[in-house]
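Following: one structure in C-alpha cells, then a few remarks.
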Amino acid sequence: MLDLIDSHSHLDAAEFDVDRAVVLRRARSAGVSRQIVPAVAFDTFPALRTLCTAERGLYPAYGLHPMYLAAHKPGHLQELAHWIEHERPVAVGECGLDFFVPDLDAQTQRLYFRRQLEIARDFSLPVIVHARRALDEVIVTIRQIGHLRGVVHSFSGSAEQARQLWKCGFLIGLGGPLTYARARRLREIAATMPIEFLLLETDSPDQPLHGHQGMRNEPALLAEICARVAQLRGVDPQEIAAATTANAERLFALPASGRYLQKSLDDA
Ligand SMILES: [Zn+2]
C-alpha cells in the first residue's frame, strides 16, 4: 500500500464534527497515515491541539488565515508567537494573501502575513501559505523577509511562478484541482516539475476532486490525487508517494516514514 502524507487538511473543521474518527480511519485505510492540519484562526488553536495530541499521525500548524480576517485581532499575532514557542508545531500557517474574496482589506492582510512570515523565520519553521490572485506579491514578500522555507498550498500559478518559488526555498502543494481535465496549465506543471518540490494535499473539506463535485472532500482521496499525478508523469503511483512523502518529511521535519516501525507498534 502507498504511504502518503496529506500536507494540507482541515480535519479540525466543523464539517468533520459528526464523523471525524471515521474519516480518519478511511484515510489510514487508503494509505494516508499522516496529515498536516493548519489552523485558520486563534480561537481554533486549542481544539486543534487536542485533536493532534489525541490521534497519531496528525501534525498541527498554527496561523491566522487571510479569509478569516474578521476574526483576527492584532493581539493574536503576539499570542501566535507565544503559542508557537510553547507548542513547537511543524509549521506556521495557514497564512497568506487572498485578493479574490471581496471585502478582505488588502493592507490588513499584508500586515498579518508579513508578521507571520517573520515569526516563521524567527522560529526557523516552515510556513504554509495561501495565495489567491496574489502569487506575485507573495513571492516578493517572501523574498523581502528572507531566510524562509515552506509551501504555497493549492498552487494555481504559472510554471515561471513555480520556478521562482523553488528558488526561494518553497515547495508547491497540488491537489483536487489537477483532477479536472480543464486544468491544463496545472497538469502540465504536475507532469514536468522537479519532483523534489512537490507536496500532495487535499485541502479537506474543500476542493473536491473531479467526480466528487459538491461533496465534502476528505484525506482518503489523496490516493486518487497521487494516482493522477503518477498517470500525468507516466510513472508508478508508488514512486510519487515515496517522493512526496519524503518531501513532506523533510519540509516539516517529521520522522522518516514509519511504515515498518508503525507496524511493529501496532503489533505490540
Ligand atoms: Zn487551507
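Just the accessible area per residue of the chain, please: how many Å² with a 1.4 Å probe?
That works out to 45 Å² per residue.
About its Cα centre, how strong a charge dipole does the chain have in debye, to the nearest 20, once Lys and Arg get +1 and Asp and Glu get -1 at the Cβ?
560 debye
Counting only other residues whose beta carbon sits under 9 Å from that of GLY157, what net charge do I get with K and R as +1, D and E as -1?
-1
Only sites in a loop by DSSP and with at most 16 other Cβ atoms within 10 Å count here; which chymotrypsin sites (Phe, Trp or Tyr not before Pro) in segment 128-229 make the cut?
TYR180
Nearest 20 debye, what's the magnitude of the dipole of segment 67-210 about its Cα centre given +1 on Lys and Arg Cβ and -1 on Asp and Glu Cβ?
440 debye
Which sequence of ASP122, ASP98 reflects their accessible areas, 1.4 Å probe, from the largest down?
ASP122, ASP98
Please state the relative contact order of segment 1-106 as a whole percent: Cα pairs under 8 Å, 6+ residues apart?
Rounded, it is 25 percent for segment 1-106.
What's the longest uninterrupted piece of the chain once you rule out the trypsin sites (Lys or Arg not before Pro) that are loop residues per DSSP with at most 16 other Cβ within 10 Å?
Answer from the scan: 57-132.
Given a Förster radius of 35 Å and the C-beta distance between LYS167 and LEU111 as r, what FRET efficiency does 1/(1 + (r/R0)^6) yield to the nearest 0.05?
It comes to 0.85.
Determine the calculated [θ] at 222 nm for the chain from helices alone, applying -39500 (n - 2.57) to every DSSP H run no shorter than 4 residues and normalising by the residue count; nearest 500 deg cm²/dmol.
Calculated mean residue ellipticity at 222 nm is -13000 deg cm²/dmol.
Binned at 10 Å from 0, what are the whole-percent values of the Cα-Cα distance distribution for segment 77-215, short to long?
11, 40, 35, 12, 1
Work out Dmax and Rg for the chain from the C-alpha atoms and quote the Rg first, both in angstrom.
17.3, 54
With just the Cα atoms defining each centre, how far is segment 22-67 from segment 167-192? Give it in Å.
Computed from Cα coordinates, the inter-centre distance equals 23 Å.
Around ALA91, which amide H atoms from residues at least 5 apart in sequence, or from another chain, sit under 5 Å from its own amide H, with H modelled in the peptide plane?
For ALA91, the qualifying residues are TYR62.
How many percent of the accessible area of segment 40-182 is carbon or sulfur, using a 1.4 Å probe?
Looking at segment 40-182 in its full context, I get 52 percent from C and S.
Tell me whether segment 8-80 comes out rounded, prolate or oblate; compute the Cα gyration tensor, take square roots of the eigenvalues as a ≥ b ≥ c, and use a/c under 1.5 as the rounded threshold.
Prolate, since a/c reaches 1.5 and a/b exceeds b/c.
The values are calculated or read from the model by the stated rules, or taken from the named source; none is laboratory data. Everything numeric in this text was worked out from a predicted model, so none of it was measured. Here Cβ is always computed from backbone atoms with ideal geometry, including for glycine, and neighbour counts include all displayed protein chains. Heads up: the accessible areas ignore ligands, DNA and RNA and are worked out on the full protein's heavy atoms, side chains in. Shrake-Rupley method; radii C 1.70, N 1.55, O 1.52, S 1.80 Å.
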